[in-house]
1. Given contacts defined as C-alpha pairs under 8 Å and at least six residues apart, what's the relative contact order of the stretch 1-64, whole-number percent?
2. Pull out the extension gain between residue 64 and residue 15, defined as 0.36 nm times the separation in residues minus the alpha carbon to alpha carbon distance; nm, one decimal.
3. Please give me, ordered by residue number, the chymotrypsin sites (Phe, Trp or Tyr not before Pro) of the stretch 1-51 that lie in loop per DSSP and have at most 14 other Cβ atoms within 10 Å.
4. So which aspartates and glutamates pass the test for residue 153, namely a Cα distance under 17 Å, with those fewer than 8 places away in the same chain ruled out?
5. Of all the stretches in the chain, which is the longest one without any exposed loop site, taking GluC sites (Glu not before Pro) in a DSSP loop (any state but H, G, I, E, B) with at most 16 other Cβ atoms within 10 Å?
6. Take the Cβ-Cβ distance between residue 136 and residue 6 as r, set R0 to 22 Å, and report the resulting FRET efficiency rounded to the nearest 0.05.
7. To check you understand DSSP bridge types, tell me what percent of the beta bridges within the chain (both residues inside) are antiparallel, rounded to 5.
8. Express in nm, to one decimal, how much length is gained between residue 122 and residue 164 on full extension, taking 0.36 nm for each residue of separation and deducting their alpha carbon distance.
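None of the figures in this text is laboratory data; all of them are computed from the coordinates on show. All values derive from a computational prediction rather than experimental measurement. Cβ sites come from the backbone with ideal geometry, for glycine too, and all protein chains shown count toward neighbours.
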Amino acid sequence: MIIANSDICKIVTRQKNDFEWYWYWLNNGDWRTTDAPWEITSPNEKEEIKTVFNKGIDNEITGLRTRVWIESNNLRIGSLNCYGLNIEKKSVKIGIGIYEPEYRGLGIAKTAIKLWVKYIFENFDILRIELETYDFNISMIKVAEKTGFKLEKIENNFIEWKDNKIDKYFFYINRVDINNNL
């Protein structure tokens with residue numbers, strides 16, 4: 001089912017039979033170097049991750065979707081996610097992965113984020129959406145800024161990885177901000 005679309009991409013719901021595609025990209029592709037590359041899945045986690053994947057789909061039928069696919073030119077190229085629901089603050093966190101490298105740098109991530117944010121604010125009682133990334137993910141920082149997210153803070157030396165100290169960036173956008181940016 002199409003959730004939202006534009007001239008360059010559309011956001012669609014996932015199905016249980018999509019798991020093998022998701023598992024492949026969870027474990028392959030250079031996109032992983034920009035999204036917490038120290039978090040590596042192992043083959044023995046496959047069944048556990050599949051159970052979580054399927055359970056998430058079952059729970060999405062009546063509520064906020066935790067992961068959706070991004071398609072462009074009738075090809076599934078990535079995903080958006082929604083996690084960290086805070087009922088008291090009426091906030092969630094989102095993320096994005098463009099798995100197919102030839103679809104990066106074309107404005108698809110920016111468009112997909114805008115569609116996802118608009119969908120969440122229009123369909124759920126959410127007042128704030130947060131986005132986290134790392135200092136080396138310059139593309140994500142630019143997408144966050146171009147889509148109206150504001151930098152809230154930088155946590156210096158968040159993690160040490162491969163002899164580098166990595167800073168974590170925290171962005172947010174409020175429901176009242178979307179009319180000006182989306």
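1. Relative contact order, the stretch 1-64: 28 percent.
2. Values: separation 49, 0.36 × 49 = 17.64 nm, distance 1.50 nm.
The span from residue 64 to residue 15 would gain 16.1 nm if fully extended.
3. Filter output for the stretch 1-51: 38.
4. Candidates past the 8-residue exclusion: 130, 132, 135, 145, 167.
5. 89-182
6. Numbers: r = 28 Å, r/R0 = 1.29.
After rounding to 0.05, the efficiency reads 0.20.
7. Values: 34 of 38 bridges.
Expressed as a percentage, antiparallel bridges in the chain total about 90.
8. 11.1 nm
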